[in-house]
Amino acid sequence: MTRHRAGPPLPRARGELSAGVIAFLRDDGALPDPGAARDADPYGDDLQLALYVCYELHYRGFAGVRPELEWDPPLLTVRGALEDRFLTALRHDVPATDELDGVLEGLLVEPIRGSGVSWFLQDLGELRHLREYAIQRSLYHLKEADPHAWVLPRLSGRAKAGMAAIEYDEFGAGRADRVHAGLFAGLMSDLGLDTAYGRYLDQGCAPMLALVNVMSLFGLHRRLRGALVGHFAAVEITSSPGSRRLAHAMKRNGAGPAAEFFYTEHVEADAVHEQVVRRDVIGGLLDDEPAMATDIAFGITATSYLEERLGDRMLADWKV
Amino acid sequence: MPNSSEHPCRITIGDDGPLLVEGPVEVTCADGTVAVSDRFVVALCMCRRSRMYPWCDTSHRRRTQPGEKSRRDTG
Ligand SMILES: [Fe+2]
Ligand SMILES: [Fe+2]
């Protein structure tokens, strides 16, 4: 409990940008020059970790870091430069489209045989792969649905009601023992991992950091609310079939009841969330603001792009 | 939300996919088994392919053949 209140320790730096931000948060050094972000690899370890650390101040913060730094103007200037570099790269690498229906349609078909991470884990994954997968995913799942809560004040009517209903379900529908982040902690215990929030940040690979950062980016900026909704839709629509494969992987390896339950619960819950996010959240937002279609599509395609990078990275690390 | 004439249980029928019913629900299946859920909405499988019948597990989705264009073969 003390540990939770204190927040996790700051991570180890991975380059000049992250070293500067971390030193500044320790009151032990100067911030990096915001201009340095322009030369950094937008998907690389250094920029992504620096951005992740900036964003974490809006979630739980870090042990020994003054809470006031969340709104420190010079730090926000650096964060803005990092975000700009990341978002510009995404806009460049993900083709813009206003064909939202086509993009959604692409998510709603399932291959008979796929080649991604969940397919590998289903068929061949061993406990060591499942542990590594959980370590990476813990950067998001231990704060599951938190980044999406920020969009609520920016929606109205049907979109707001639908989004709030899904979030309520994600947060346990009034029951602390059903909060999805807590269910993931149960999965981690079954796999023999440490469930402390932020414990595995140092192990988080750059593509995983980028995936969490894109949620924080879309969640924290009102102008990107359409992209946040698109991102959320992409997660919910693709979750059920992928969770089925992961539940199978957990079962086949005898990972334990909580590990299996996290994914079986997501097969069932996300089959509902998918319907509500498409009908009410996307449908409602488009009724209110038809021009949002392009941003919603961007949120979906950017998410698929970053998920593919993460999957490729994990499969490459496992040499499969 | 309690069922009443002012707040009837809302059911949504789509083109394909599950039937959406406001929860909580108790469902009696053809074989007599009873499934209960207190989720705010439940998705009832209509295609009968679900492996968690009576709940939808998205098995109604169109399946693509190897080589056929699909964004989701990498998930
Ligand atoms: Fe969830
Ligand atoms: Fe969900």
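Suppose we filter region A:209-242 for residues that are within 13 Å of ligand 1 (Cβ to nearest atom) and without any contact (Cβ under 8 Å) to a residue 60 or more places away in the chain; how many remain?
Number of matching residues: 2.
Scan region B:46-64 for residues that are within 10 Å of chain A (Cβ to nearest Cβ), at negative phi and either crowded, with 17+ Cβ neighbours inside 10 Å or assigned to a strand (DSSP E or B) (or both) and report the count.
10
Exactly one condition in (1) open to solvent by less than 10 Å² (accessible area, probe 1.4 Å); (2) in a loop (DSSP other than H, G, I, E, B) is not met by A:ALA173; state its number.
Result: A:ALA173 fails condition (1) only.
Give me the residue from region A:107-125 that is more than 23 Å from A:ASP317 (Cβ to Cβ) and of a type in the set (A, V, I, L, M) and, out of that set, most open to solvent (accessible area, probe 1.4 Å).
A:ILE112
Could you say whether any residue in region A:152-164 is without any contact (Cβ under 8 Å) to a residue 40 or more places away in the chain and either among the aliphatic types (A, V, I, L, M) or closer than 19 Å to A:TYR52 by Cα (or both)?
For region A:152-164, residues without any contact (Cβ under 8 Å) to a residue 40 or more places away in the chain and either among the aliphatic types (A, V, I, L, M) or closer than 19 Å to A:TYR52 by Cα (or both): present.
Return the pair list, or none, for Cβ contacts closer than 6 Å from residues in region A:174-185 that are modelled with pLDDT of 95 or more to residues that are assigned to a helix (DSSP H, G or I), at least 6 apart or on different chains.
Within 6 Å, the pairs are A:HIS180/A:GLU170; A:LEU183/A:PHE262; A:PHE184/A:HIS141; A:PHE184/A:PHE262.
Only residues that are within 11 Å of chain B (Cβ to nearest Cβ) and touching a helix residue (DSSP H, G or I) at 6+ places or on another chain (Cβ under 6 Å): list them for region A:239-268, please.
If we filter region A:239-268 for residues that are within 11 Å of chain B (Cβ to nearest Cβ), which is where we start, we get A:239-248, A:264-268.
Matches in region A:239-268: A:SER239, A:SER240, A:GLY242, A:SER243, A:ARG244, A:ARG245, A:LEU246, A:ALA247, A:HIS248, A:THR264, A:HIS266, A:VAL267.
Being surrounded by fewer than 23 Cβ atoms within 10 Å (Cβ to Cβ) and within 14 Å of chain B (Cβ to nearest Cβ), is that true of even one residue in region A:187-195?
No: zero hits.
Given the residues A:LEU90, A:LEU139, A:LEU82, which is the only one that is more than 17 Å from the chain's Cα centre (by Cα), assigned to a helix (DSSP H, G or I) and away from ligand 2 (no atom under 16 Å from the Cβ)?
Only one candidate passes the filter, namely A:LEU82.
The values are calculated or read from the model by the stated rules, or taken from the named source; none is laboratory data. Everything numeric in this text was worked out from a predicted model, so none of it was measured. All Cβ positions, even for glycine, are placed from backbone atoms using ideal geometry, and neighbour counts span all protein chains on display. Note: areas computed on protein heavy atoms with side chains; ligands, DNA, RNA excluded. Shrake-Rupley method; radii C 1.70, N 1.55, O 1.52, S 1.80 Å.
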